[in-house]
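Shown next, in structure tokens, is the structure this report addresses.
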Amino acid sequence: MSPETRAMQDDEATGPAVFWLLDGEALWKRKEGPAGAACASCHGAGSMKGVAVRYPKIASGRVVNLEQQINVCRTERQKAPPWAYESRELLAVTAYVARESRGMPIRIEWNEATAPFLKAGREAFNRRQGQLNLSCAQCHDDNWGKRLAGSVIPQAHPTGYPIYRLEWEALGSLERRLRNCMVGVRAEPTTYGAQELVELELFLMWRARGMRLETPAVRP
Amino acid sequence: MARVVVNVPASAKRGEVIEIRTLAGHAMETGFRRTQTGELIPRDIITLLVCTYNGVEVFRAELHPAMAANPLISFTTVATESGTLEFKWTGDNGYAATQSASITVV
Amino acid sequence: MTARITTRRQFLTLVSGALVAGGAAAQLEPNIQALRAAALEAAIRKITGGKPVRAGKVKLQVPPLVDNGNTVPLSVSVQSPMTAADHVAAIHVLTEKNPQPYVVSAYLGPRAGRASITTRARIADTGKVIAIAQLSDGSLWSDTVAVVVTLSACLEDGLI
């Protein structure tokens with residue numbers, strides 16, 4: 001990531017992710033469902049601080065990412081229809097919530113509850129896949145820092161999701177980026193929200209533990 | 001709902017050169033892209049940004065398809081007097097957006 | 001008469017050799033490249049009215065290797081007192097390899113205080129970015145930067 005891209009990320013007032021944050025704020029306050037409850041009705045000001053750095057989390061024996069938790073609140077608490085994955089609304093609210101944790105260290109622990117999911121995620125990370133038969137580890141553990149077709153291979157720590165990816169010219173989730181990687185190695189991309197994908201997200205966030213959240217980040 | 005953001009300092013000293021940053025939420029479809037089946041996606045861009053300071057034009061920019069999506073334009077102006085800066089964006093397909101910002105000049 | 005090219009393999013080697021030698025440098029078909037170069041020249045001529053443009057006074061800042069051609073931060077600043085008698089009237093930014101040459105044209109004046117603009121451009125391919133400043137006295141100044149643009153890694157469409 002070049003200094004110019006980082007400058008775009010640091011420019012909070014006119015960085016490219018600003019519109020999603022503004023939309024997120026508006027949606028956070030919008031009354032939904034038959035009870036007319038907004039997110040803000042239950043979650044007071046400042047209550048989202050420190051939340052995003054603990055996601056994905058384990059709930060009822062499943063691993064759940066932030067987007068899914070937002071939809072759980074929508075369907076179960078607000079009695080409103082869930083937002084589609086990668087919809088503008090879901091991205092905006094996810095970005096708004098995660099932004100509250102910007103600058104805080106990522107806190108995913110390897111413990112009894114998370115162990116089975118982390119093991120599965122780690123296996124996925126190390127598994128070769130696709131027609132190119134490459135695993136995540138081969139690029140992002142073994143060859144980070146080297147170049148792949150002009151771009152520098154990063155260590156692949158998801159510290160800033162949802163990100164404004166310059167390639168997309170829009171905000172997008174970690175799942176979207178992981179699916180891009182799968183297409184990159186010519187593998188069938190996993191469906192949005194599938195447990196295997198969220199397990200991988202959990203592993204990646206655990207792998208990035210201690211690093212500071214940069215949401216919304218700008219990436220090439 | 002046209003979304004725009006302007007960043008103007010709330011106050012400045014008379015004669016000071018201030019930086020103004022503007023951002024418009026717009027896909028800036030170039031007109032050069034094609035769909036999967038080969039059809040040309042028609043152009044849809046912002047074409048003009050005009051800034052007036054208490055009614056006097058102080059800056060104008062003509063935008064072309066080579067401007068990135070969600071176009072940022074930053075420029076400078078002299079803080080001459082207290083008042084209002086008005087920003088107006090216009091573009092293809094009747095796109096129009098306005099924003100204003102007040103400034104106190106001491 | 002004995003045939004020089006006796007096998008299909010020899011023929012193909014001959015033809016592909018010629019293509020590689022001629023084609024390696026050009027990234028586009030020759031006529032598209034010529035059309036774009038002509039469009040750039042026409043755009044510059046429209047701005048300058050045929051008057052000479054000198055290098056200098058203008059500073060165009062663009063990263064020499066861009067992270068992504070979709071969004072390239074660039075800024076142009078011009079040395080000028082920005083008085084009523086001596087100021088920058090307009091700054092034009094153009095590219096060499098885009099499908100059309102113009103990026104942005106900014107119209108300033110003495111109320112700008114400084115001749116300086118910042119924006120984000122789309123640059124389709126490795127080539128030159130040119131900034132031309134028109135001064136109040138009619139003179140024209142420019143700066144040119146060569147920019148390298150590469151494809152992002154891991155795209156969605158799965159096409160290289």
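Is at least one residue of the range C:101-109 closer than 20 Å to A:Pro16 by Cβ, more than 7 Å from chain B (Cβ to nearest Cβ) and either within 13 Å of the chain's Cα centre (by Cα) or among the aliphatic types (A, V, I, L, M) (or both)?
No.
Every residue, every condition in (1) at pLDDT below 95; (2) more than 27 Å from A:Arg186 (Cβ to Cβ); (3) assigned to a loop (DSSP other than H, G, I, E, B), yes or no:
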| residue | (1), (2), (3) |
| --- | --- |
| A:Pro82 | no, yes, yes |
| A:Val93 | no, yes, no |
| A:Phe117 | no, no, no |
| A:Arg122 | no, no, no |
| A:Ala137 | no, no, no |
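Where in chain B are there strands (runs of 3 or more DSSP E), lying fully within it, with 3 or more residues that are among the hydrophobic types (A, V, I, L, M, F, W, C) and either farther than 15 Å from C:Val104 by Cα or within 9 Å of chain C (Cβ to nearest Cβ) (or both)? Walk me through how you get there before you give the answer.
Details: elements: B:4-7, B:17-24, B:46-53, B:56-63, B:72-78, B:83-91, B:96-105.
The qualifying strands (runs of 3 or more DSSP E) are B:4-7, B:17-24, B:56-63, B:72-78, B:96-105.
How many of the residues in the range B:52-63 are surrounded by 23 or more Cβ atoms within 10 Å (Cβ to Cβ) and under 20 Å from B:Tyr95 (Cβ atoms)? Spell out the reasoning first.
Initial filter on the range B:52-63 (surrounded by 23 or more Cβ atoms within 10 Å (Cβ to Cβ)): B:58-59, B:61, B:63.
This time we only want the ones that are under 20 Å from B:Tyr95 (Cβ atoms), so: B:59, B:61, B:63.
Counting residues in the range B:52-63 that are surrounded by 23 or more Cβ atoms within 10 Å (Cβ to Cβ) and under 20 Å from B:Tyr95 (Cβ atoms) gives 3.
Regarding C:Ser77, is this residue assigned to a strand (DSSP E or B), surrounded by 20 or more Cβ atoms within 10 Å (Cβ to Cβ) and either at pLDDT 95 or above or touching a helix residue (DSSP H, G or I) at 6+ places or on another chain (Cβ under 7 Å) (or both)?
Numbers: assigned to a strand (DSSP E or B): yes; surrounded by 20 or more Cβ atoms within 10 Å (Cβ to Cβ): yes; either at pLDDT 95 or above or touching a helix residue (DSSP H, G or I) at 6+ places or on another chain (Cβ under 7 Å) (or both): yes.
Yes.
So C:Val53 passes all but one of these: (1) within 10 Å of another protein chain (Cβ to nearest Cβ); (2) modelled with pLDDT of 95 or more; (3) farther than 25 Å from A:Asp11 by Cβ; (4) in contact with a helix residue (DSSP H, G or I) (Cβ under 9 Å, 6 or more places away or on another chain). Which condition number does it fail?
(1)
Could you grab the pairs with beta carbons closer than 8 Å, sequence gap of 6+ or different chains, first residue in the range A:75-86 and in contact (Cβ under 8 Å) with a residue 12 or more places away in the chain, second one of a type in the set (Val, Ile, Thr) and surrounded by 12 or more Cβ atoms within 10 Å (Cβ to Cβ)?
From residues that are in contact (Cβ under 8 Å) with a residue 12 or more places away in the chain, the pairs are A:Trp83/A:Ile70; A:Trp83/A:Val93.
Can you tell me which residues in the range C:97-115 are assigned to a loop (DSSP other than H, G, I, E, B), at pLDDT 95 or above and surrounded by 21 or more Cβ atoms within 10 Å (Cβ to Cβ)?
Answer for the range C:97-115, where residues must be assigned to a loop (DSSP other than H, G, I, E, B), at pLDDT 95 or above and surrounded by 21 or more Cβ atoms within 10 Å (Cβ to Cβ): C:Pro101, C:Leu108, C:Gly113.
Give the residues of the range A:124-135 that are part of a loop (DSSP other than H, G, I, E, B) and touching a residue at least 12 places away in the same chain (Cβ under 8 Å), sorted by residue number.
Within the range A:124-135, A:Gly130, A:Gln131, A:Leu132, A:Asn133 qualify.
How about the range A:153-168: which of its residues are in contact (Cβ under 8 Å) with a residue 24 or more places away in the chain, within 10 Å of chain C (Cβ to nearest Cβ) and either farther than 19 Å from A:Leu204 by Cα or outside any loop (DSSP other than H, G, I, E, B) (or both)? Reasoning before the result, please.
Step one: list which residues in the range A:153-168 are in contact (Cβ under 8 Å) with a residue 24 or more places away in the chain, which gives A:154, A:156-167.
In the following step, the residues that additionally are within 10 Å of chain C (Cβ to nearest Cβ) were identified as A:154, A:164-167.
Listed by number, the residues that qualify are A:Tyr164, A:Arg165, A:Leu166, A:Glu167.
What number goes with the only condition from (1) more than 14 Å from A:Val198 (Cβ to Cβ); (2) in a helix (DSSP H, G or I) that A:Ala13 does not pass?
Failing condition for A:Ala13: (2).
The values are calculated or read from the model by the stated rules, or taken from the named source; none is laboratory data. Every value quoted in this text rests on a predicted model; they were computed, and no experiment measured them. Note: ideal-geometry Cβ built from the backbone for every residue, glycine included; neighbour counts use all protein chains shown.
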